[in-house]
Amino acid sequence: MTDRRPLVAANWKLHKTLGEAVALAEDLYAALTEDGEAALRDVDIVIAPVFTALARVHAALSETGIALAGQNVFEQDSGAFTGEVSAPLLADAGCTYCIIGHSERRQHFGETDDGVHRKLEALLRHRLVPIVCVGETLEQREAGDATEVIVGQLDRALGGIAPADLHDLVVAYEPVWAIGTGRTATAADAQAAHAALRAHLEGRDAKLGADTRILYGGSVKPDNAAELLAERDIDGALVGGASLQAGSFADIVRAAL
Ligand code: PEP
């Protein structure tokens, strides 16, 4: 890790009722502070609950410094778009971040790189920090195409947006074959992917490359987090399954210290 501030984000996916979400948020704060304030002081911590729990979790965490994220956003701000949630509504519910382009959305909901780009523009319009996910399938990795795939996804997601408008950008490298499977990329493979993504960002703008935090996601657990986070281009983690237990998520956050 470098002097980029570490960021560890929890993706709760489609889990937790209102009561369960608030209880988990409170347990998480307790677990993070049981040995002092270092985790909250030195790591940016972001939680992405389901939309319906955002406002309540925001209220529960308002004094803690733990930030809130949407798991998805619609590209338009308002209008006749039944069932969608927009960037201004996420901000209104207390979000300061939003995940876009998660592989589950690409896989199950047909999300495309162009769509991710339009979502990114919507987030920037409302000053929400985008967490742009990219990742290759196992088939693409085995064909030797992993780098080309992830750099292409990032390139198309960013499109022609000026580097100066991307100063808070967060990228998450999440190999699809590692999400929820218990399989993790080796630290060396993950580092190589992160380095390729950073090189792409550097090619756009030196400062963008130097400043952008690139998270690793894919079966991150307390017992593999430290090794991954020790790599120079891995600036944090996006955690699914292990974020549903306060203790394991807090241990992953501590590995980022
Ligand atoms: C994710 O949902 O982004 C994720 C990485 O999930 P898991 O940690 O369960 O693999």
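The values are calculated or read from the model by the stated rules, or taken from the named source; none is laboratory data. What you are looking at is a predicted structure, and each value in this text was computed from that prediction instead of being measured. FYI the Cβ positions are ideal-geometry reconstructions off the backbone, even for glycines, and counts take in every protein chain you see.
Things to note:
- For segment 108-121, a tally of residues being closer than 14 Å to residue 71 by Cβ and part of a helix (DSSP H, G or I) returns 4.
- Of all residues in segment 132-145, those satisfying the criterion of being loosely packed, with under 15 Cβ neighbours inside 10 Å and either under 15 Å from the mean Cα position of the chain (by Cα) or outside any helix (DSSP H, G or I) (or both) are 143, 144, 145.
- Among the residues of segment 192-205, not a single one is within 10 Å of the ligand (Cβ to nearest atom) and either touching a helix residue (DSSP H, G or I) at 6+ places or on another chain (Cβ under 8 Å) or assigned by TED's automatic domain parsing to the domain that holds residue 103 (or both).
Residue by residue, here is whether (1) hydroxyl-bearing (Ser, Thr, Tyr); (2) in a strand (DSSP E or B); (3) within 16 Å of the ligand (Cβ to nearest atom); (4) surrounded by fewer than 18 Cβ atoms within 10 Å (Cβ to Cβ) holds:
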residue: 130; (1), (2), (3), (4): no, yes, yes, no
residue: 147; (1), (2), (3), (4): yes, no, no, no
residue: 155; (1), (2), (3), (4): no, no, no, yes
residue: 165; (1), (2), (3), (4): no, no, no, yes
residue: 171; (1), (2), (3), (4): no, yes, yes, no
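- For residue 251, the conditions (1) out of contact with any strand residue (DSSP E or B) (no Cβ under 9 Å at 6 or more places or on another chain); (2) away from the ligand (no atom under 15 Å from the Cβ); (3) among the acidic types (Asp, Glu) are fulfilled apart from (2).
- Filter result for residue 82 (more than 24 Å from residue 252 (Cα to Cα) and out of contact with any helix residue (DSSP H, G or I) (no Cβ under 7 Å at 6 or more places or on another chain)): yes
- Criterion violated by residue 96 - all others in (1) in contact (Cβ under 8 Å) with a residue 12 or more places away in the chain; (2) surrounded by 18 or more Cβ atoms within 10 Å (Cβ to Cβ) satisfied: (2)
- Test for residue 91: is it crowded, with 22+ Cβ neighbours inside 10 Å and modelled with pLDDT of 95 or more: no
- Only listed residue being without any contact (Cβ under 8 Å) to a residue 40 or more places away in the chain, assigned by TED's automatic domain parsing to the domain that holds residue 169 and within 20 Å of residue 129 (Cα to Cα), chosen from 40, 61, 90: 90
- The listed residues are 218, 240, 180, 209, and the only one of them that is free of Cβ contacts under 8 Å to residues at least 24 places away in the same chain and not β-branched (Val, Ile, Thr) turns out to be 209.
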